[in-house]
Amino acid sequence: MRRWIVRFLVAMLIVIPVTMVAIYIVNPFGARSVDPRQRIVGLGLYRVPASNMSPGASPGQVLVTRAGYYVKRQPQRGDVVTLLVPKYEGQLWLQRIIGLPGETIAIVDGTVHIDGHPLEEPYVAAENVRTAYSQAMDAVRIPADHYFLLGDNRDNSEDSRLLDPTRREDITGKVIARLQ
């Protein structure tokens, strides 16, 4: 009996690491990261570094993201996502999807308009839409396979207003939970 227990434990010492390495290589979740948590489990942790998503997400807050969520699903308006920003190679950012491919988006008197209709945004605090930068933006047509992303703190967010719409392939995950 003792011999079987030892054999089982030795087998597990070999099988478990080999399985984990195989899952990491196969990357079943489609994670665009070298982080083993995202590639093996499909979940990642994101610590909010700045106030661009205030009041919904505060600096220092930890969020759980579903890596590769959009490999098999379409991004939806209102989703809070992590994204890679080509201009800032290697940095992972947090923003909200506002505009979808093919739509025309503009900002008039601090209100986002999509195809000429105002968008209700209960997640944006009025005190975060005071500067000229947040009050107006000329109409922009969103190209195919691109999304218009904005931070909830419009006065303090570098987003699609400055960086152009985000390619779908640069959206790396969806925020699914908050830890603190």
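The values are calculated or read from the model by the stated rules, or taken from the named source; none is laboratory data. Quick caveat, the model's predicted, so the values are computed rather than measured. Cβ sites come from the backbone with ideal geometry, for glycine too, and all protein chains shown count toward neighbours. Accessible surface areas use protein heavy atoms only, side chains included; no ligands, DNA or RNA. Shrake-Rupley method; radii C 1.70, N 1.55, O 1.52, S 1.80 Å.
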Could you figure out which of (1) in contact (Cβ under 8 Å) with a residue 60 or more places away in the chain; (2) under 21 Å from residue 144 (Cβ atoms) isn't true of residue 65? (2)
Could you tell me which of the residues 124, 81 is within 15 Å of residue 150 (Cα to Cα), of a type in the set (A, V, I, L, M, F, W, C) and without any contact (Cβ under 8 Å) to a residue 40 or more places away in the chain? 124
Please work out which residue is farthest from the chain's Cα centre (by Cα), limiting yourself to segment 137-171 and to residues that are part of a helix (DSSP H, G or I) and surrounded by 21 or more Cβ atoms within 10 Å (Cβ to Cβ). 154
(1) open to solvent by less than 20 Å² (accessible area, probe 1.4 Å); (2) in contact with a strand residue (DSSP E or B) (Cβ under 7 Å, 6 or more places away or on another chain); (3) touching a residue at least 40 places away in the same chain (Cβ under 8 Å): which one isn't true of residue 174, the others all being true? (1)
Tell me yes or no: at least one residue of segment 36-46 is within 27 Å of residue 161 (Cα to Cα), part of a loop (DSSP other than H, G, I, E, B), touching a strand residue (DSSP E or B) at 6+ places or on another chain (Cβ under 9 Å) and touching a residue at least 40 places away in the same chain (Cβ under 8 Å). no
Select from segment 77-103 the residues that are assigned to a loop (DSSP other than H, G, I, E, B) and out of contact with any helix residue (DSSP H, G or I) (no Cβ under 9 Å at 6 or more places or on another chain) and list them in ascending order. 77, 78, 89, 90, 91, 100, 102, 103
For segment 59-76, what are the residues that are of a type in the set (S, T, N, Q), in contact with a strand residue (DSSP E or B) (Cβ under 9 Å, 6 or more places away or on another chain) and not in a strand (DSSP E or B)? 61, 76
So if I check each of 50, 31, which one is over 17 Å from residue 159 (Cα atoms) and in contact (Cβ under 8 Å) with a residue 60 or more places away in the chain? 31
Residues in segment 83-136 that are acidic (Asp, Glu), open to solvent by 70 Å² or more (accessible area, probe 1.4 Å) and farther than 18 Å from residue 56 by Cβ: how many? 3
